[in-house]
1. Can you pull out every residue in the stretch 42-65 that is touching a residue at least 40 places away in the same chain (Cβ under 8 Å), within 15 Å of Arg15 (Cβ to Cβ) and either in contact with a strand residue (DSSP E or B) (Cβ under 8 Å, 6 or more places away or on another chain) or in a loop (DSSP other than H, G, I, E, B) (or both)?
2. Report the residue count in the stretch 14-36 for those that are modelled with pLDDT of 90 or more, in a loop (DSSP other than H, G, I, E, B) and exposed (fewer than 14 other Cβ atoms within 10 Å of the Cβ).
Amino acid sequence: MKVGDIVRLHKSTRRNGRFAGLTGLIVEQIVDKAVHPHHEVLVHETGELVQLHVTQIGEVINASR
C-alpha cells in the first residue's frame with residue numbers, strides 16, 4: 001500500500017469502530033518506524049483524517065500507479 005491507494009477497512013467493529021467497512025484514500029504514510037511502525041493516514045468518505053494500523057485495512061480497491 002502507498003499514498004494514493006483507495007482502500008476498504010475491515011467490517012469488524014471491534015477493529016475499526018464506527019469506521020468499519022468504509023472506504024478511504026491513503027494520503028500519508030508514517031515514515032518514522034520507531035514511533036509508529038506500519039501506520040497509514042486515511043481520508044475517509046466521511047471527510048475525516050484517521051491514523052490506522054495496516055492490519056485494520058481489509059483490501060486495496062484501487063492501487064495507484
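The values are calculated or read from the model by the stated rules, or taken from the named source; none is laboratory data. The model shown is predicted, which means the values in this text are computed figures rather than measured ones. Here Cβ is always computed from backbone atoms with ideal geometry, including for glycine, and neighbour counts include all displayed protein chains.
1. The answer is Leu52, Val54, Gln56, Ile57, Gly58, Glu59.
2. Residues that pass the stated criteria total 1.
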